[in-house]
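Before any comments, here is the structure.
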Amino acid sequence: MDFDLIVRGGTLPDGTIADIGIIGETIAAIEPELNVTAGTAIDAHGNLISPPFVDPHFHMDATLSLGIPRINASGTLLEGISLWGELKPLLTHEAVRERALAYCDWAVSMGLLAIRTHVDVCDIRLLAVEALLDVKKTVAPYIDLQLVAFPQDGFYRSPTARDNTIRALDMGVDVVGGIPHFERTMADGTRSVTELCEIAAERGLMVDLHCDETDDPLSRHIEQLAYEAQRLGLQGRVAGSHLTSMHSMDNYYVSKLLPLISEAGVSAIPNPLINIMLQGRHDTFPKRRGLTRVKEMLAHGIRVGWGQDCVLDPWYSLGTADMLDVAFMGLHVAQMSSPADMARCFDMVTNVNAAIMGLDHLGLAVGKRASLVILDAGDPVEALRLRPERLCVIARGKVVAERARQETRLSIAGRPRTVNRRHRPPIS
């Protein structure tokens, strides 16, 4: 069998060294050695071959808007929401589209080839929805882009949000979103979870709610979300994003809650970069860490992925579209420090996130889509430590980004001429 492209001698995340043969847009073979010809051959010896990075939680309608019309002075979630309210009337279709496409360029350069973005539907114009549907078509040859209809000002709290959510779904938005903890009352939040899940069930769609992104331990909408997922047969199609109130809940209640989430097949998407920054703002010390109970969720068999959330917008003034930055922060805050836990964090920003988004075509296996990343690292843990260069990014069988290995030249007597911080411990 001849191949259009072969990636030779790379190290897979499980430590296997293999050649990967690609025909068209599909991985056709993964073997220790492929003794055949190819239109293009890429030497990956000594480097890690990864599935594409996947971000299941982002806000592309706001990305790269930092400073418009002003900076978030308090650094809080609520001021960020207020600032976004000031920015929305200033948005234009072209500005949203161009910022989103610029971010997608960053994403490709970092091997981030699938993104789920929430898009605010509380603007009666649905301008951002139209712009991101346009972006979705533009980037389809290299990025899987899912849109979530997100009534950011509250499904009931905002007078037009309910109708706008339905309109956005009718326009082709993929996922039903919500923000129950931002409704005016806990009761309205609970009602919103029920109705949003019913809308998703009726339309055969997935659900991804901003759920309990607060320090309030009495914000418990995740319980209702788990209940509705079971009641409506939505197991495996529902995600609760953030879930930060769980870091304040008492342990007895959580001991009841985690099995419910697991039984309901609800996924969790914590966003460590943003929530370590936004949460705990009312605390002095002890100060809450801004992260849900990741290790406990994993121990209960709950599917947990890491999300980016924001880059250079009203809520977060940093970010580079690097999902390894996200996993790096996550493993620190969750104290996932064992080699197995760190490798799991790498899997969370690749395979697990793809599963949360329902992207079964991604992964390093024969028959999967030929989208992969070659990193200047020897294994997943080293990739997390270094957040290294993406030497080559392949999307649908085509090379879409390349970068030369970066080494630092040293001018020190008796020491090596170059250094790149990769490390192999001595053999004992």
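The values are calculated or read from the model by the stated rules, or taken from the named source; none is laboratory data. Since the structure is predicted, the reported quantities are computational estimates derived from the model, not experimental observations. Heads up, the Cβs are rebuilt from the backbone with ideal geometry, glycines too, and the neighbour counts pull from every protein chain shown. Ligands, DNA and RNA are excluded from the accessible area calculation, which covers all protein heavy atoms including side chains. Shrake-Rupley method; radii C 1.70, N 1.55, O 1.52, S 1.80 Å.
Miscellaneous remarks
- Burial ranking of peptide ranges 156-164, 204-212 (average Cβ count within 10 Å, highest at the top): 204-212, 156-164
- Take every DSSP beta bridge whose two residues both sit in the chain; close to 40 percent of them are antiparallel.
- Each part reduced to its alpha carbon centroid, segment 279-353 and segment 40-57 end up 22 Å apart.
- Relative contact order of the chain: 18 percent, from C-alpha pairs under 8 Å at least 6 residues apart in sequence.
- Surface/4 of the Cα convex hull for segment 1-90, nm²: 9.8 nm²
- Non-local Lys pairs in the chain, i.e. 8 or more apart or on different chains, that have alpha carbons under 19 Å apart: 4
- Spread over its residues, the convex hull of the C-alpha atoms of the chain is 172 Å³ per residue.
- 0 to 90° range, to nearest 10: angle between helix 186-203 axis and the chain longest Cα axis: 60 degrees
- Cα gyration tensor shape of segment 161-237, rounded if a/c is under 1.5, else prolate or oblate by comparing a/b with b/c: oblate
- Surface composition of the chain: carbon plus sulfur atoms hold 54% of the accessible area, using a 1.4 angstrom probe and ignoring ligands, DNA and RNA.
- Protection-proxy order for peptides 139-147, 233-241, each taking the mean of Cβ atoms within 10 Å per residue, highest first: 233-241, 139-147
- Working note: Debye formula, equal point scatterers on the alpha-carbon atoms of segment 241-341, no solvent; log10 I(q)/I(0) at q = 0.15 Å⁻¹ is -0.63.
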